[in-house]
Amino acid sequence: MSELSNKKIGLSYLKKYAEKDLNSIEEMFSEDIVLRDWKIRVEGKENALKETRKNFANADSIQIEVLSTYENKDTVAAELKITVDSTEELFVVDVITINSEGKIASIRAYLGRGDN
């Protein structure tokens, strides 16, 4: 078991994502990571990094506000308000699974709505 909690790993990933810190994200991903959202599904670290790099290139700024988190044995889910380039608001739930080495094994992102 990793000494970091799943929640800490998940929040650290989100912080590094908002900072567009690809090097730190690369260290956090497992080799066989699966990345899936409402538009794409990719497998493997290189493909996931390529997709992340593309997202970073398409956004001047990314702000991530964590609205709430839920955690269990190997997963953390985070309700997020993501603001891209100070104009586009996305309400997203990221479901992040962590493997036994403390690496991110998968990220599944679900697009939601901003109203309660």
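The values are calculated or read from the model by the stated rules, or taken from the named source; none is laboratory data. Note that the structure is a prediction, hence the values are computed from the model and not measured. So basically every Cβ, Gly included, is an ideal-geometry build from the backbone, and we count neighbours across all protein chains shown. Keep in mind that these areas ignore ligands, DNA and RNA; they rest on the heavy atoms of the full protein, side chains included. Shrake-Rupley method; radii C 1.70, N 1.55, O 1.52, S 1.80 Å.
Name the one entry in Lys73, Lys16, Lys7, Lys20 that is surrounded by 14 or more Cβ atoms within 10 Å (Cβ to Cβ), part of a loop (DSSP other than H, G, I, E, B) and not aromatic (Phe, Trp, Tyr).
Numbers: Lys73 fails: surrounded by 14 or more Cβ atoms within 10 Å (Cβ to Cβ); Lys16 fails: part of a loop (DSSP other than H, G, I, E, B); Lys7 fails: part of a loop (DSSP other than H, G, I, E, B).
Checking each option against the conditions leaves just Lys20.
Restricting attention to the range 32-72, the residues that are over 19 Å from Leu90 (Cβ atoms) and in contact (Cβ under 8 Å) with a residue 60 or more places away in the chain total 5. If you take the residues in the range 87-114 that are outside any strand (DSSP E or B) and in contact with a strand residue (DSSP E or B) (Cβ under 8 Å, 6 or more places away or on another chain), which one is surrounded by the most Cβ atoms within 10 Å (Cβ to Cβ)? Here the answer is Lys103.
Taking the criterion of being hydrophobic (A, V, I, L, M, F, W, C) and either out of contact with any Leu (no Cβ under 6 Å at 6 or more places or on another chain) or open to solvent by 50 Å² or more (accessible area, probe 1.4 Å) (or both), the residues of the range 76-86 that qualify are Val76, Ala77, Ala78, Leu80, Val84. For the range 54-61, state whether one or more residues are surrounded by 13 or more Cβ atoms within 10 Å (Cβ to Cβ) and under 23 Å from Asn6 (Cα atoms). No, the range 54-61 contains no residue that is surrounded by 13 or more Cβ atoms within 10 Å (Cβ to Cβ) and under 23 Å from Asn6 (Cα atoms).
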